[in-house]
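Have a look at the structure below before the remarks.
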Amino acid sequence: MSYVQTTLDRLQASSPGQNEFYQAAREVLESIRPLIEKDPLYSDQNIIERLVEPERQLLFRVTWQDDQNRIQVNKGFRIQFNSALGPYKGGLRFHPSVNAGIIKFLGFEQIFKNALTGLPLGGGKGGSDFNPKGRSDAEIMRFCQAYMSELYRHLGSTTDVPAGDIGVGAREIGYLFGQYKRLTASYEGVLTGKNINWGGSLVRKEATGYGAVYFAENLLNSRNESLDGKTCLVSGSGNVALYTIEKLYQLGALPVTCSDSRGCIYHDRGIDLALLKEIKEVRRGSLEEYIQQHPDARYLAVKDYPQRGHAVWHFPAQAAFPSATQNELTALDAKALIQNGVICVCEGANMPSTAAAIDLFLEAGLAYGPGKAANAGGVATSQLEMAQNASMTQWSFDEVDQRLQKIMRDIFTLSHQTAAEFGQEKNLVLGTNIAGFRRVANAMIQQGAV
Ligand code: NDP
């Protein structure tokens, strides 16, 4: 039996019911096989067994009071997966679907993503099954305070520095930071994604979406193509999707879709970004409001989606940017994308494509940018925020943006060169996983059995 199956069997026995984690682990373990077979050092050092086991997992109760004075209880998570390359770094997700397996898959992916940036960042992730939807600002604040009341003792600017993710944006980071400061009497860069007036970095808000588009442009340029003039499908309408759409417009592309958990919009004239920001960032409303102002756009509710598929991927286009959540792009969707003329898929979300969809992309020779590489701009800019906090300076928008562009170019080049080194130039899944793995594994070996 191969080491991949042995490892997965062991994980399933010791950590049952964590399907997303097995999915993420299988992808990495299968892609690094050519390296493991070539270099016995990694097997001799038992690196794989060490790497799939988190250094530390925190699970705690979060008790808070709602607006009706009822006591509510949620689960809080933080996984400190690997610190070989730096302090644990990875976002917090507040969503009812959050469980130990989701946090573990996200933390595992984060190790390799952070390694790819070349920056001193370990891998971690956290969150809660708390559902922010429909909660008042005061409830969100009390929840964040309760969550931080436990988490603060495990954080520190050189220990563990969380950021945002689904359901955690600027508002939540503010409340979390305020509580951390109150509990520790210390003003330190212990969270990223902070408001620009008190320690945040310019471009952090835009970084993941912008980064995914920069990555796609590098990828297309390597095939003598560009985004200019291309029609693009984008899913999601949160932080990553909004700034993906913004950068696509800036590079001359035409984004025609967006989605949320209830449905999707198709607007062949191009998504009205100002309206979308107003609905999602200001009003925190539903996409159905979009068609009230644009009756020429189409709205499809989730109940009208194809079985085992997502309508957003079934429109004609040349590029696709999944930017909502995991496994939102299935084999059925991948077939539709390929049939409809898509030549590039670049992932703003974490693990948005199922394993079967990825196989189809690679078979069809698509320019495919896996999330680990393509969405690393967010965490990379978080590290730039940490660097500014540590030196008590603030860089201009242009300076941070230039650095982000260089980081995304370097990630693309490293992934591409690594794929070529192993004779599979077009397979960036292999390129990103081997490049990320090699940096972490070498650091672990050099640091001894800890
Ligand atoms: P947001 O909370 O800002 O937005 C998430 C979007 O995805 C919303 O439109 C939401 O719709 C939709 N969505 C969430 N869950 C589901 C679901 N189960 N089914 C359908 N739609 C869903 O999150 P972000 O934009 O920050 O994150 C999006 C993705 O990008 C995630 O995979 C995240 O891990 C990844 N990512 C984010 C980074 C960042 O810097 N923020 C960095 C790297 C990766 P609704 O509002 O209706 O819930």
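Quick note: the coordinates plus some simple rules give every number you see, no bench work behind them. None of these values were measured; they are calculated from a predicted model. Note: ideal-geometry Cβ built from the backbone for every residue, glycine included; neighbour counts use all protein chains shown.
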Residue count, the range 408-430, condition crowded, with 23+ Cβ neighbours inside 10 Å and touching a Gly at 6+ places or on another chain (Cβ under 7 Å), comes to 4
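Working carefully through the options Leu202, Leu251, Leu220, Leu191, find the one that is surrounded by 23 or more Cβ atoms within 10 Å (Cβ to Cβ), touching a residue at least 12 places away in the same chain (Cβ under 8 Å) and among the hydrophobic types (A, V, I, L, M, F, W, C). Walk me through it before giving the result.
On the way: Leu202 fails: surrounded by 23 or more Cβ atoms within 10 Å (Cβ to Cβ); Leu251 fails: surrounded by 23 or more Cβ atoms within 10 Å (Cβ to Cβ); Leu220 fails: surrounded by 23 or more Cβ atoms within 10 Å (Cβ to Cβ).
Only one candidate passes the filter, namely Leu191.
Where in the range 349-407 are there helices (runs of 4 or more DSSP H), lying wholly inside it, with at least 1 residues that are more than 16 Å from the ligand (Cβ to nearest atom) and either closer than 25 Å to Gln417 by Cβ or among the hydrophobic types (A, V, I, L, M, F, W, C) (or both)? I'd like the intermediate steps shown before the answer.
On the way: elements: 355-363, 371-374, 377-390.
Qualifying helices (runs of 4 or more DSSP H): 355-363, 377-390.
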Scanning the range 288-313 for residues that are touching a residue at least 40 places away in the same chain (Cβ under 8 Å) and in contact with a Leu (Cβ under 8 Å, 6 or more places away or on another chain), the one surrounded by the most Cβ atoms within 10 Å (Cβ to Cβ) turns out to be Trp313
Per the list (1) part of a strand (DSSP E or B); (2) touching a residue at least 24 places away in the same chain (Cβ under 8 Å), residue check on Pro96 breaks on (1)
Picked from the range 1-35 (must be in a helix (DSSP H, G or I), β-branched (Val, Ile, Thr) and touching a residue at least 40 places away in the same chain (Cβ under 8 Å)), the residue farthest from Ser128 (Cα to Cα) is Thr7
Of the listed residues (Phe143, Phe130, Phe77), the one being over 16 Å from the mean Cα position of the chain (by Cα), assigned to a loop (DSSP other than H, G, I, E, B) and buried (at least 18 other Cβ atoms within 10 Å of the Cβ) is Phe130
Among (1) surrounded by 15 or more Cβ atoms within 10 Å (Cβ to Cβ); (2) of a type outside the set (A, V, I, L, M); (3) away from the ligand (no atom under 11 Å from the Cβ), Pro316 falls short only on (1)
**Request:** Might you let me know whether the range 36-57 holds any residue that is part of a strand (DSSP E or B), touching a residue at least 12 places away in the same chain (Cβ under 8 Å) and farther than 23 Å from Thr325 by Cα?
**Result:** yes
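Within the range 110-127, count every residue that is outside any strand (DSSP E or B) and crowded, with 24+ Cβ neighbours inside 10 Å.
Step one: filter the range 110-127 for residues outside any strand (DSSP E or B), giving 110-121.
Subsequent filtering for residues that are crowded, with 24+ Cβ neighbours inside 10 Å retains 110-117, 121.
Going through the range 110-127 one residue at a time, the tally reaches 9.
Going by the conditions given, is Ala324 within 16 Å of the ligand (Cβ to nearest atom), buried (at least 21 other Cβ atoms within 10 Å of the Cβ) and within 18 Å of Leu428 (Cα to Cα)?
Working: within 16 Å of the ligand (Cβ to nearest atom): yes; buried (at least 21 other Cβ atoms within 10 Å of the Cβ): yes; within 18 Å of Leu428 (Cα to Cα): no.
No, not satisfied.
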I'd like to know if the range 217-227 contains one or more residues that are in contact with a Leu (Cβ under 6 Å, 6 or more places away or on another chain) and either closer than 22 Å to Gly86 by Cα or within 16 Å of the ligand (Cβ to nearest atom) (or both). no
Expected output for the range 153-173 (first residue touching a residue at least 60 places away in the same chain (Cβ under 8 Å) and part of a loop (DSSP other than H, G, I, E, B), partner basic (Lys, Arg) and within 10 Å of the ligand (Cβ to nearest atom), Cβ below 7 Å, 6+ apart or cross-chain) is Ile166/Arg93; Gly167/Arg93
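Does any residue of the range 280-295 turn out to be farther than 19 Å from Tyr210 by Cα, within 13 Å of the ligand (Cβ to nearest atom) and hydrophobic (A, V, I, L, M, F, W, C)? Lay out the reasoning, then the answer.
So in the range 280-295, the residues farther than 19 Å from Tyr210 by Cα come out as 282-295.
The next check asks that each one be within 13 Å of the ligand (Cβ to nearest atom); those that pass are 283-290.
Those still in the list that are hydrophobic (A, V, I, L, M, F, W, C) too: 287.
For the range 280-295, residues farther than 19 Å from Tyr210 by Cα, within 13 Å of the ligand (Cβ to nearest atom) and hydrophobic (A, V, I, L, M, F, W, C): present.
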